[in-house]
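Worksheet: the structure to be examined is printed underneath.
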């Protein structure tokens, strides 16, 4: 039988980094009004508005994916931690 090694530090770090990235993407929405107010030419403003709207749609999908992956990482970490705790308790009972 082989041993399964779970890197809890990696799972914790990954979950924190995914949360940080998600927070950054959420905060990116704040800049679009600033950009629109700086652009003067109407053609450029229309192009910028179209780009921003497209960016918003893609950013929303990225946020959903980041949230899903973050939940999976946290769930994996928690499941393995609970299993490790249960196995440790079972090992102590045998002694």
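Details
Here is a yes/no grid of residues against (1) modelled with pLDDT under 85; (2) in a helix (DSSP H, G or I):
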position: 2; (1), (2): yes, no
position: 5; (1), (2): no, no
position: 16; (1), (2): no, yes
position: 22; (1), (2): no, yes
position: 44; (1), (2): yes, yes
position: 69; (1), (2): no, yes
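- Any hit, region 29-46, residues being under 25 Å from residue 77 (Cβ atoms) and surrounded by 12 or more Cβ atoms within 10 Å (Cβ to Cβ): no
- Qualifying residue in region 50-66 (condition: within 30 Å of residue 5 (Cβ to Cβ), over 21 Å from the mean Cα position of the chain (by Cα) and modelled with pLDDT under 85): no
- Residue within region 22-38 that is touching a helix residue (DSSP H, G or I) at 6+ places or on another chain (Cβ under 6 Å) and in contact (Cβ under 8 Å) with a residue 40 or more places away in the chain present: yes
- Restricting the first member to region 76-95 and to residues that are on the phi < 0 side of the Ramachandran plot and touching a residue at least 40 places away in the same chain (Cβ under 8 Å), and the second to residues that are surrounded by 10 or more Cβ atoms within 10 Å (Cβ to Cβ) and in a helix (DSSP H, G or I), the beta-carbon pairs closer than 8 Å and six or more apart or on different chains are 76/11; 77/8; 77/11; 77/12; 77/15; 80/8; 80/11; 81/8.
The values are calculated or read from the model by the stated rules, or taken from the named source; none is laboratory data. These figures come from a predicted structure and were not determined experimentally. Heads up, the Cβs are rebuilt from the backbone with ideal geometry, glycines too, and the neighbour counts pull from every protein chain shown.
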